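Right, one structure below, let's go through it.
The values are calculated or read from the model by the stated rules, or taken from the named source; none is laboratory data. Values in this document were obtained by computation on a predicted structure and should not be read as measured data. Backbone-built Cβ (ideal geometry, glycine too); neighbour counts: all protein chains shown. For accessibility, only protein heavy atoms count, side chains too; no ligands or nucleic acids. Shrake-Rupley method; radii C 1.70, N 1.55, O 1.52, S 1.80 Å.
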Amino acid sequence: MTPPEHVDLMVVHGLVLTMDAVGTRHDDGAVAVRNGRIVAVGPSEELERRFVASRTIDAHDQAVLPGLIDTYTHAGHGLVRGLFHPVHGWPAGALYWHATSPEWWRAEARLAALERTRCGVTSAVVIVGSTPARVDEPAYALAVARAHADAGLRVVVGVGPPDPLFPHLDDAWHATRWDATGPTRVPFDYESALAVSLDVIHTLAGGDGDLARGCLAPPYLFGRHVAHKLLPRRFPTASDAASIGREAERMRSLADDLGVLVHTHMFHGSVAYALEHLGADATAAILGPDVVIAHANGLAAAEVDALGSAGCSIATVPTTHENLWYGFAPMLDLRDAGAVVTISSDGAAPYRSLDLWRDLGSATWNMWHRHHDQAVMAPESVLRMVTSDAARALGVAHERGSLECGKCADLVTVDLRAPHFTPLTSLEYQLVHFGSGADVHTVVVAGEIVKRGEVFTNMEPDTVRAEAVDESRRAFERAGIDTIDAYRWR
Ligand SMILES: [Zn+2]
């Protein structure tokens, strides 16, 4: 009889949902891990015979799934929660550009990493700020990336210049740098913002470990063609097509050269504009599986077909005001057209947390509503939109998104002893409609345990929260924001 092989970690006696191509499930299953990678998945009895582990996690009464992947979120938002007013909006943009320091971004990112770890979100795309990303200097994006890597989480930070036509910024592009000497005005333009973005991407590509990477995040690759209730701007016209096309092609070639994603917003009218003014071939050449489309609300049939046939990835946002303004993202039409459709939180504010579980039921309801049919959105397919399909959307399906041999050991266990899992009649259904971050027990990233019960390996929650409170107070003071009064709903 061959002696058992040594592994670093083994998770045993769990209800393992592998999310592999055929949906393999092990009712009394186990996962064996060595050097951060899965070396075996199968029945506990078999794996306990084949392997001896330095550390064993008993996952009795727990479900074992791949770590969740959030394909679209924002840094900064975690420190402005609750500051939203339906008429005045919220202070995000002005605060981020004119009242924050790298320490503020680090504190916010550590708070976000704590929330993600708590909820089992092991990978996330994080736009550095609201729209657009703050890229007057690289320090802010690097602070966000490093805070996540230090927490042991995977992050893709989104950086890119503001949209020339819809910058979401006041005139005379400038930021304010805050350091020990006080505030300094930092003027910047499209080219300097792009140069800082490329600098961040290069720095992270060359960094140690593969937890933090960058991607290009031009806010509106094909322009924005829907009104923003709070930001009146002109819509692109035919005369803007040449510059929009030129910058879109530039993003395309930069992404090809750097091997990074393009993460951008599209709503009703974006693709139609490109098809009309750039032509179908040029539009298709710019698009592709490495282009991640955020929101995709209210797309017309021809736009769905163009994104689907290009195999684009879609980060839909189930709980967003754009649903009210432009209609839902046509998730199932996009999927049927060939796009890779995911569910994202777009967190962590003004009314969305980083607890991605909350969005699974909402996404299902949105599509039941849209199709007037409760037979759509099978629970397993919904779970794939934050695991295996989300990994495909980020171009890392060969590495993550399912529990299979050779892949990175990114996994979570969910405690099934809660009333909402009792009796356990349909795990996938109950996870989608009743599961939440509070049910997550153990979180493993690259074979490292980052959370076990209420113990966080790389963070001390009270310290993280205290730093966040300190830095947010400093920023509100710099911005002269009286948080209590300014955003009170009368
Ligand atoms: Zn957003």
So for region 324-339 (the condition being within 17 Å of the chain's Cα centre (by Cα) and over 23 Å from His228 (Cα atoms)), does at least one residue qualify? no
Could you list all residues from region 317-328 that are open to solvent by 20 Å² or more (accessible area, probe 1.4 Å) and either within 14 Å of the ligand (Cβ to nearest atom) or touching a residue at least 24 places away in the same chain (Cβ under 8 Å) (or both)? Thr319, His321, Asn323, Trp325, Tyr326, Gly327, Phe328
Flag if Asp333 is charged (D, E, K, R), away from the ligand (no atom under 15 Å from the Cβ) and within 21 Å of Ile69 (Cα to Cα): no
So is Asp27 out of contact with any Lys or Arg (no Cβ under 8 Å at 6 or more places or on another chain), within 16 Å of Gly406 (Cα to Cα), charged (D, E, K, R) and surrounded by fewer than 21 Cβ atoms within 10 Å (Cβ to Cβ) or not? no
Of (1) within 14 Å of the ligand (Cβ to nearest atom); (2) of a type in the set (Val, Ile, Thr); (3) in contact with a Leu (Cβ under 7 Å, 6 or more places away or on another chain); (4) closer than 26 Å to Arg400 by Cβ, Thr122 satisfies every one except (1)
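Tally the residues that are of a type in the set (Val, Ile, Thr), over 24 Å from Val445 (Cβ atoms) and open to solvent by less than 10 Å² (accessible area, probe 1.4 Å), restricting the search to region 123-147.
1
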Failed item, numbered, when His265 is tested on (1) at pLDDT 95 or above; (2) more than 16 Å from the ligand (Cβ to nearest atom): (2)
Restricting the first residue to region 239-268 and requiring it to be over 23 Å from Ser344 (Cα atoms), which pairs with a second residue that is small (Gly, Ala, Ser) and in a helix (DSSP H, G or I) meet a Cβ separation below 8 Å and a spacing of at least six or different chains? Ile244/Ala274; Gly245/Ala274; Gly245/Ala282; Ala248/Ala274; Glu249/Ala282; Glu249/Ala285; Arg252/Ala285; Leu258/Ala205
When both residues are 6+ apart or on different chains and their Cβ atoms are under 7 Å apart, which pairs have a first residue that lies in region 369-395 and is closer than 17 Å to Thr24 by Cα, and a second that is open to solvent by 30 Å² or more (accessible area, probe 1.4 Å) and part of a helix (DSSP H, G or I)? Pro379/Glu428; Pro379/Tyr429; Glu380/Glu428; Leu383/Glu428
Going through region 30-64 one residue at a time, which ones are in a loop (DSSP other than H, G, I, E, B) and either open to solvent by 10 Å² or more (accessible area, probe 1.4 Å) or free of Cβ contacts under 8 Å to residues at least 24 places away in the same chain (or both)? Asn35, Gly36, His60, Asp61
Region 98-111 - residue that is open to solvent by 10 Å² or more (accessible area, probe 1.4 Å) and not acidic (Asp, Glu) and, of those, nearest to the ligand (Cβ to nearest atom): Leu111
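With respect to Tyr190, determine if the residue is in the same structural domain as Ala248 (by TED's automatic domain parsing), among the aromatic types (Phe, Trp, Tyr) and surrounded by fewer than 18 Cβ atoms within 10 Å (Cβ to Cβ).
Judged against the criteria, Tyr190 is a match.
So that you can scan it fast, the table gives a plain yes or no per residue for (1) of a type in the set (Val, Ile, Thr); (2) closer than 21 Å to Ser381 by Cα; (3) within 16 Å of the ligand (Cβ to nearest atom):
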{"site": "Ala21", "(1), (2), (3)": "no, yes, no"}
{"site": "Ala30", "(1), (2), (3)": "no, no, no"}
{"site": "Gly42", "(1), (2), (3)": "no, no, no"}
{"site": "Ile57", "(1), (2), (3)": "yes, no, no"}
{"site": "Val64", "(1), (2), (3)": "yes, yes, no"}
{"site": "Gly67", "(1), (2), (3)": "no, yes, no"}
{"site": "His85", "(1), (2), (3)": "no, no, no"}
{"site": "His88", "(1), (2), (3)": "no, no, no"}
Within the bounds of region 146-153, is there any residue that is within 16 Å of the ligand (Cβ to nearest atom) and farther than 17 Å from Met266 by Cα? no
Of everything in region 148-183, what is closer than 18 Å to Ala475 by Cα and open to solvent by less than 30 Å² (accessible area, probe 1.4 Å)? Give them in sequence order. Ala175, Thr176, Gly182
Restricting attention to region 340-376, which residues are open to solvent by 10 Å² or more (accessible area, probe 1.4 Å) and assigned to a loop (DSSP other than H, G, I, E, B)? Pro350, Tyr351, Arg352, Ser353, Asp355, His372, Asp373, Gln374, Ala375, Val376
